[in-house]
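What follows is a set of notes on a single structure, which appears directly below.
The values are calculated or read from the model by the stated rules, or taken from the named source; none is laboratory data. On a predicted model such as this, the values are computed, not experimentally measured, just so you know. Here the Cβ is made from the backbone with ideal geometry for all residues, glycine too, and neighbour counts use every protein chain on show. Side chains included, ligands, DNA and RNA excluded: accessible areas come from the protein's heavy atoms. Shrake-Rupley method; radii C 1.70, N 1.55, O 1.52, S 1.80 Å.
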Amino acid sequence: MPLSPAIKGQFVQLRSLIALVLMTIALSLLSPHFLTTDNGINILRQVSINMCLSIGMTLVILSGGIDLSVGAILGFAGAIAAGLVKNGLSIPGTDVHLQFTTSGAILAGVLVGALLGFHNGVAITRFRLPPFIATLGMLSIARGLAFLWTGGFPITGLGADFGFIGTGAWLGVPLPVWIMAAFIVLFLVVTKRTRFGRHLYAVGGNERAARLTGLNVSRIKIAVYTLAGALAGVAGLIVTARLDSAQPNAGLSYELDAIAAVVIGGTSLSGGRGTIFGTVLGCLIIGVLNNGLFLLNVPPMLQYVIKGYVILVAVAIDQASAPRNRDS
Amino acid sequence: MSDVAISTEVLLAAEGITKTFPGVRALEDVSLRVRAGRLLALLGENGAGKSTLMNVLSGVFPPDAGTIRLGDGESVSFANPHAAQARGISIVHQELNLVPGLSIAENIWLGREPRSSSGFIDYRRLHADTAAILARLDLNVSPDTLVGDLRVGQQQLVEIGKALSTRARVLILDEPTSSLSSHEVEVLFGVIAELKKQGVGLVYITHKFEELARLCDDVVIMRDGRVVGEALYSELTRERIVQLMAGRESKDVFQKSTFEPGAEILKVEGVTLAGGGAGRRLLVDDVSLTLHRREVVGIFGLVGAGRTELLEAIFGLHPDRTTGRVLVRGKPVSFRSPADAIRAGLALAPEDRKRDGLILPMSVAANASLASLRRTLRGGLVSRRRESDYILPYVDRFRVKTPSLTQIVVNLSGGNQQKIILAKWLATEPQVLLLDEPTRGIDVNAKREIYAFIDELAGNGLGLIVVSSELPEVLALSDRIVVMCEGRKTAEFTRAEATPERVLHAALPDRASLAS
């Protein structure tokens with residue numbers, strides 16, 4: 001008996017949940033170090049960076065697009081914040097030197113991420129570039145800017161205040177996990193309960209119809225890419241603060257992990273179908289898998305192969321159970 | 001030739017075919033026989049199961065139960081359309097399945113390209129074989145022409161050519177004339193007559209009764225997934241067919257109410273829409289019209305007359321290519337986007353509902369509330385309860401048949417989809433409703449309901465513009481009729497002045513004569 005799409009959506013998430021539970025049980029049996037509070041918190045902290053990127057990626061993919069530039073934006077935004085907090089900003093050709101507080105630098109990092117995301121949105125709507133191309137270009141631009149800004153060297157020694165973002169904790173839970181949790185709740189509400197969220201699904205589900213219904217498709221898309229960029233900026237801050245170092249290469253190929261999490265979470269790459277909750281599960285699955293393979297001493301090269309197959313199998317199962325849409 | 005012998009030879013028989021889709025029993029215990037040299041017309045409202053049946057017969061998907069037999073009694077099951085084709089069964093689908101970037105020849109022989117001895121495609125033979133087919137179809141273009149460069153009608157003929165190229169014993173045609181010009185229809189009918197003489201068995205799905213008289217030998221009528229009537233065409237009357245299709249006594253004519261038109265609500269002056277592509281042909285050329293409250297203005301024209309484009313231009317869909325003036329309630333407006341038009345009280349229900357009207361993966365409620373979501377907010381957030389409270393009266397008013405508001409619209413019939421679009425627009429409380437082919441692909445009963453709604457809405461003080469290519473529909477619905485041809489307005493009639501002949505004449509290009 002084929003399932004209706006509504007039930008099917010729940011089924012996909014249920015399946016992700018079951019997969020996550022099974023993995024957890026299996027790893028608990030295989031490794032005594034897996035099912036401990038410390039390791040649990042460790043996994044959540046590791047997942048928090050990909051979660052920020054994946055939430056933004058979910059919005060982008062729901063709108064019918066893709067964003068390849070989030071990893072590079074993460075790198076540049078982290079570098080900007082680190083550079084500003086450490087060295088401040090000298091405006092060339094003048095004697096003006098701006099010194100930044102930690103919060104000023106943090107804000108600047110997020111804003112730079114949002115700005116590059118906005119750039120993506122404008123390229124896609126105003127200049128009609130396919131999202132793949134627009135963000136592929138941005139991948140290179142942002143990475144290049146990160147190298148220009150840092151001169152190719154890590155920026156280190158950022159101070160305890162800045163480091164707090166990455167290493168601080170509240171109630172025994174690391175700050176990155178709190179940040180991640182806040183974004184999950186925020187964007188669950190945004191996608192389920194706001195006009196913007198509804199419009200996002202509409203644009204991804206049928207852009208022409210959305211336009212004819214009076215939706216400002218360009219504005220929605222620009223907002224989506226801007227949000228994805230800002231979230232990448234936040235992720236960049238977490239990475240930089242945790243390492244107390246901004247590497248120009250930070251976030252290299254992170255966009256692929258984000259896309260993988262979204263896809264494993266059951267969101268359709270063609271847009272209009274998917275949930276933040278699914279992405280949360282997808283992220284956790286990847287996080288648990290990474291952690292488990294590490295604990296089991298699986299060689300890193302093999303880990304890549306295994307992760308690749310997890311993505312393929314997850315999507316293959318999705319495809320196999322998808323109703324073939326045929327007009328009767 | 002012995003007619004009797006040929007006419008009794010069964011080429012393809014379906015026995016007890018049943019097919020279920022999620023939530024819908026599409027076919028139930030359906031049987032029919034396709035005979036050599038005869039044309040079987042398959043009739044029924046939309047959603048009756050005709051296309052599903054043909055998809056089963058041509059191997060697009062397998063039946064859940066039942067058997068398909070070939071002429072020799074052999075029971076067959078086709079894994080895919082290719083397998084059906086190999087056994088002599090070909091289908092021309094209603095929608096086009098062509099690759100726009102390949103030539104006519106490459107499309108027709110796609111997957112069956114003739115090879116030379118060296119293993120490469122034998123382009124000379126490909127070209128010659130295609131030229132022969134195009135000649136049969138009276139298509140005066142080179143086989144090397146890219147399909148994307150052809151008009152839709154010509155593409156339809158290429159699709160038919162593809163079916164001819166398989167030398168099928170059984171040929172299924174699903175509404176093949178929907179986008180053909182009258183000349184192309186004549187050519188197709190000629191080809192069909194020729195195929196009948198060669199002993200090919202044809203199945204023909206159509207909504208156009210006038211085509212039956214020219215072609216038809218046998219009739220099978222379907223309703224709700226079952227066969228409800230089967231007879232020789234000569235034994236049936238049109239009334240009887242309509243009655244069987246609708247499932248009850250049908251009254252053909254819709255009785256329109258006449259309201260005293262109110263104040264002028266929309267005025268269009270010299271609207272011109274330039275084409276987007278090369279050539280810069282004008283899609284709409286200097287069209288003016290007025291619309292009053294409580295009035296229905298019909299716009300009639302053939303495919304390509306620029307009617308849809310006129311509505312789109314008025315609705316602010318092509319602001320950069322549109323010139324001319326639009327006045328709403330006497331005030332000049334300049335719509336930069338549909339959102340502007342909606343704010344001014346306009347609404348547009350598009351012709352292609354799946355492409356332009358609905359968000360298919362979204363629910364009935366989400367689709368219906370999409371244009372008026374602002375009214376369902378509570379504390380800045382969408383409240384599900386408020387949404388359904390707000391939208392339910394509209395969905396109910398149009399008698400949308402859906403199990404629930406959370407049902408995904410992709411599974412609903414064309415009539416119900418159209419009603420959801422109407423509910424969506426009525427929820428914005430518009431004053432001008434632009435309807436583009438509001439009954440296209442909709443069954444007889446839903447059609448009558450839509451007519452009644454149009455009447456009712458006019459009575460409530462709205463002004464409506466109804467674009468249609470069905471002449472009886474335009475004549476029945478409109479207080480005034482504007483006729484368009486090749487982008488220009490060619491005539492305007494009051495209800496009293498309008499006769500089928502006069503309206504049709506104004507819709508035809510100068511050089512063409514009235515088809516007999």
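Please find, among B:Glu449, B:Glu456, the residue that is free of Cβ contacts under 8 Å to residues at least 60 places away in the same chain, farther than 24 Å from B:Ala274 by Cβ and under 21 Å from the mean Cα position of the chain (by Cα).
Details: B:Glu456 fails: under 21 Å from the mean Cα position of the chain (by Cα).
The conditions single out B:Glu449.
Restricting the stretch A:17-37 to residues that are open to solvent by 90 Å² or more (accessible area, probe 1.4 Å) and part of a loop (DSSP other than H, G, I, E, B), which is farthest from A:Asn290 (Cα to Cα)?
A:Pro32
Just one of (1) over 21 Å from B:Val187 (Cα atoms); (2) among the polar types (S, T, N, Q); (3) open to solvent by less than 80 Å² (accessible area, probe 1.4 Å) trips up B:Ser77, so point out which.
Failed condition: (3).
Could you grab me the full set of residues in the stretch B:369-405 that are surrounded by 14 or more Cβ atoms within 10 Å (Cβ to Cβ), assigned to a loop (DSSP other than H, G, I, E, B) and either within 9 Å of chain A (Cβ to nearest Cβ) or in contact with a strand residue (DSSP E or B) (Cβ under 8 Å, 6 or more places away or on another chain) (or both)?
B:Ser383, B:Leu405
Starting from residues that are hydroxyl-bearing (Ser, Thr, Tyr) and at pLDDT below 90, keep the ones in the stretch B:471-516 and report whichever is nearest to B:Thr439 (Cα to Cα).
Keep residues of the stretch B:471-516 that are hydroxyl-bearing (Ser, Thr, Tyr), which gives B:478, B:490, B:494, B:499, B:513, B:516.
Next, from what is left, pick out any that are at pLDDT below 90: B:499, B:513, B:516.
Numbers: B:Thr499: 21, B:Ser513: 28, B:Ser516: 26 Å.
Ranking the qualifying residues of the stretch B:471-516, first place goes to B:Thr499.
Somewhere in the stretch A:131-151, is a residue within 14 Å of another protein chain (Cβ to nearest Cβ), open to solvent by less than 20 Å² (accessible area, probe 1.4 Å), assigned to a helix (DSSP H, G or I) and of a type in the set (Ser, Thr, Tyr)?
no
Quick one: in the stretch A:238-247, which of the residues that are open to solvent by 10 Å² or more (accessible area, probe 1.4 Å) and in contact with a Gly (Cβ under 6 Å, 6 or more places away or on another chain) is modelled with the highest pLDDT?
It comes out as A:Val239.
So in the stretch B:41-54, with the set limited to residues that are buried (at least 24 other Cβ atoms within 10 Å of the Cβ) and at pLDDT 90 or above, which one is nearest to the other protein chains (Cβ to nearest Cβ)?
Among those residues, the one meeting the criterion is B:Leu53.
Within the stretch A:153-176, how many residues turn out to be touching a residue at least 40 places away in the same chain (Cβ under 8 Å), assigned to a helix (DSSP H, G or I) and surrounded by fewer than 21 Cβ atoms within 10 Å (Cβ to Cβ)?
Summing the residues that are touching a residue at least 40 places away in the same chain (Cβ under 8 Å), assigned to a helix (DSSP H, G or I) and surrounded by fewer than 21 Cβ atoms within 10 Å (Cβ to Cβ) in the stretch A:153-176 gives 4.
May I ask you to list the residues in the stretch A:206-263 that are assigned to a helix (DSSP H, G or I) and within 14 Å of chain B (Cβ to nearest Cβ)?
Of everything in the stretch A:206-263, those that are assigned to a helix (DSSP H, G or I) and within 14 Å of chain B (Cβ to nearest Cβ) turn out to be A:Glu207, A:Arg208, A:Ala209, A:Ala210, A:Arg211, A:Leu212, A:Val217, A:Ser218, A:Arg219, A:Ile220.
Here is a yes/no grid of residues against (1) closer than 30 Å to B:Glu210 by Cα; (2) more than 10 Å from chain A (Cβ to nearest Cβ):
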site: B:Phe21; (1), (2): no, no
site: B:Ser31; (1), (2): yes, yes
site: B:Ile68; (1), (2): no, yes
site: B:Asp72; (1), (2): no, yes
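Take the residues in the stretch B:454-478 that are in a helix (DSSP H, G or I), among the hydrophobic types (A, V, I, L, M, F, W, C) and open to solvent by less than 10 Å² (accessible area, probe 1.4 Å); name whichever of them is farthest from B:Arg223 (Cα to Cα). So that I can check it myself, show each step before the final result.
Applying the first criterion (in a helix (DSSP H, G or I)) to the stretch B:454-478 yields B:454-459, B:471-477.
The next check asks that each one be among the hydrophobic types (A, V, I, L, M, F, W, C); those that pass are B:454, B:457-458, B:471, B:474-477.
Subset that is open to solvent by less than 10 Å² (accessible area, probe 1.4 Å): B:454, B:457-458, B:474, B:477.
Working: B:Ile454: 26, B:Leu457: 30, B:Ala458: 32, B:Val474: 27, B:Leu477: 27 Å.
Among those that are in a helix (DSSP H, G or I), among the hydrophobic types (A, V, I, L, M, F, W, C) and open to solvent by less than 10 Å² (accessible area, probe 1.4 Å), it is B:Ala458.
This table checks each residue for (1) open to solvent by less than 10 Å² (accessible area, probe 1.4 Å); (2) in the same structural domain as B:Leu302 (by TED's automatic domain parsing); (3) not in a helix (DSSP H, G or I).
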| position | (1), (2), (3) |
| --- | --- |
| B:Asp138 | no, no, yes |
| B:Ala163 | yes, no, no |
| B:Val185 | no, no, no |
| B:Leu188 | yes, no, no |
| B:Ile221 | yes, no, yes |
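So if I check each of A:Val217, A:Val288, A:Val234, A:Val298, which one is of a type in the set (A, V, I, L, M, F, W, C) and touching a Cys at 6+ places or on another chain (Cβ under 8 Å)?
The unique qualifying residue is A:Val234.
Consider B:Pro62 against the criteria (1) open to solvent by less than 60 Å² (accessible area, probe 1.4 Å); (2) within 14 Å of chain A (Cβ to nearest Cβ); (3) not in a helix (DSSP H, G or I): it satisfies all of them except one. Which criterion is unmet?
Status for B:Pro62: all satisfied but (1).
B:Glu309 - would you say it is over 30 Å from A:Gly197 (Cβ atoms), more than 11 Å from chain A (Cβ to nearest Cβ) and open to solvent by 20 Å² or more (accessible area, probe 1.4 Å)?
Taking the combined requirement at face value, the residue satisfies it.
What about B:Ser51, is it small (Gly, Ala, Ser) and touching a helix residue (DSSP H, G or I) at 6+ places or on another chain (Cβ under 9 Å)?
Spelling it out, it is not the case that B:Ser51 is small (Gly, Ala, Ser) and touching a helix residue (DSSP H, G or I) at 6+ places or on another chain (Cβ under 9 Å).
Does A:Ala169 satisfy being at pLDDT 95 or above and under 23 Å from A:Gln46 (Cβ atoms)? Show your work before the answer.
Working: at pLDDT 95 or above: no; under 23 Å from A:Gln46 (Cβ atoms): yes.
No: the conditions fail for A:Ala169.
Specify which of the listed residues (B:Asp144, B:Asp217) is in contact (Cβ under 8 Å) with a residue 12 or more places away in the chain, under 15 Å from B:Arg38 (Cα atoms) and not hydrophobic (A, V, I, L, M, F, W, C).
Numbers: B:Asp144 fails: under 15 Å from B:Arg38 (Cα atoms).
Just a single option satisfies the conditions, and that option is B:Asp217.
Show the residue pairs that are 6+ apart or on different chains and have beta-carbon atoms under 8 Å apart, the first residue being within the stretch B:326-343 and away from every other protein chain (no Cβ under 14 Å), the second being open to solvent by 30 Å² or more (accessible area, probe 1.4 Å) and β-branched (Val, Ile, Thr).
B:Val326/B:Val333; B:Leu327/B:Val333
Right, B:Val99: out of contact with any Lys or Arg (no Cβ under 7 Å at 6 or more places or on another chain), under 26 Å from B:Lys197 (Cβ atoms) and of a type outside the set (Phe, Trp, Tyr) or not?
No: the conditions fail for B:Val99.
Residue check, B:Val483 against (1) buried (at least 19 other Cβ atoms within 10 Å of the Cβ); (2) out of contact with any Gly (no Cβ under 7 Å at 6 or more places or on another chain); (3) within 16 Å of B:Gly304 (Cα to Cα), all met but one. Which one?
Evaluating B:Val483 over (1) buried (at least 19 other Cβ atoms within 10 Å of the Cβ); (2) out of contact with any Gly (no Cβ under 7 Å at 6 or more places or on another chain); (3) within 16 Å of B:Gly304 (Cα to Cα) leaves (2) as the failure.
A:Lys192 passes all but one of (1) within 12 Å of chain B (Cβ to nearest Cβ); (2) surrounded by 17 or more Cβ atoms within 10 Å (Cβ to Cβ); which number fails?
All conditions pass for A:Lys192, except number (2).
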